[in-house]
1. Kindly indicate whether any position in region 3-15 is at pLDDT 95 or above, within 26 Å of Thr141 (Cβ to Cβ) and open to solvent by 10 Å² or more (accessible area, probe 1.4 Å).
2. Checking the structure you have, find out if any residue of region 139-152 is closer than 30 Å to Ile35 by Cα, within 16 Å of the ligand (Cβ to nearest atom), open to solvent by 70 Å² or more (accessible area, probe 1.4 Å) and at pLDDT below 95.
3. Tell me, which residue of region 106-138 that is acidic (Asp, Glu) and either farther than 25 Å from Phe77 by Cβ or more than 16 Å from the ligand (Cβ to nearest atom) (or both) is surrounded by the most Cβ atoms within 10 Å (Cβ to Cβ)?
4. Name the one entry in Gly92, Gly98 that is surrounded by fewer than 21 Cβ atoms within 10 Å (Cβ to Cβ), within 16 Å of the ligand (Cβ to nearest atom) and either under 14 Å from Arg155 (Cβ atoms) or within 12 Å of the chain's Cα centre (by Cα) (or both).
5. Out of Ile23, Ile103, Ile65, I need the residue that is surrounded by 13 or more Cβ atoms within 10 Å (Cβ to Cβ) and over 19 Å from Val142 (Cα atoms). Which one?
6. Kindly provide the set of residues from region 43-58 that are buried (at least 17 other Cβ atoms within 10 Å of the Cβ) and assigned to a helix (DSSP H, G or I), ordered by number.
7. Condition (residue is within 13 Å of the chain's Cα centre (by Cα) and modelled with pLDDT of 95 or more) applied to region 129-136: is it met by at least one residue?
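The values are calculated or read from the model by the stated rules, or taken from the named source; none is laboratory data. Remember, it's a predicted structure, so these values are computed and weren't measured experimentally. In this analysis, Cβ positions are derived from the backbone assuming ideal geometry, glycine residues included, and neighbour counts consider all displayed protein chains. The protein model used for the area step is the full one, side chains on, heavy atoms only, and it has no ligands, DNA or RNA in it. Shrake-Rupley method; radii C 1.70, N 1.55, O 1.52, S 1.80 Å.
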Amino acid sequence: MTDFPPEITKEEMGKVSLFLSNINSTFSKERSNLIPILQEAQNRIGYLPHEAMLGIAEFLDIPDIDVYSVVTFYNQFRLNPPGKHSIRVCMGTACHVGGGTVIMDAWKRRLGIDKRQTTPDREFDLDTVACVGCCAMAPVTVIDEEVQGKISPTRVDGILLGYQIERKKESQSS
Ligand code: FES
């Protein structure tokens, strides 16, 4: 499993710098602004890179760890950039009973990441989702908004193989 988010890109670093340089025109330096500032930063950047959190802590004159604690406490905040493909494993009751945990473990093992992480090549990010209303197809994984039912660890392999083949074709044609 990877311990760190993928490295920040130049484009993201530019967004972080722009956000931090304009922060005082939108927000006052009050600690109670921490959550709104984090929400705005995530909207602008796509997630909350380390560099953004450090800059926000400096702006509010609070310890870095306080910002990090808030970001890791609330599910709405992302420490990892979005992947090209989003994998969401349903953990609603029917899917949980139907083997959702086994399916989540299969995705984690195959992708080499944990829940709420992104692969180092930024191809996939992994998370759970609440019931998506397709319980008869349990266990379900939603891939890029498309519901895939009756998922098994073997199907996880098959789906990833499909993406690998697609990538290979793309790299050969470019
Ligand atoms: S519990 Fe997974 S679709 Fe309903």
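1. Checked region 3-15: no residue is at pLDDT 95 or above, within 26 Å of Thr141 (Cβ to Cβ) and open to solvent by 10 Å² or more (accessible area, probe 1.4 Å).
2. yes
3. The residue in question is Asp125.
4. Gly98
5. Matching residue, one of Ile23, Ile103, Ile65: Ile23.
6. Passing the criteria: Ile45, Ala52, Met53, Gly55, Ile56, Ala57.
7. yes
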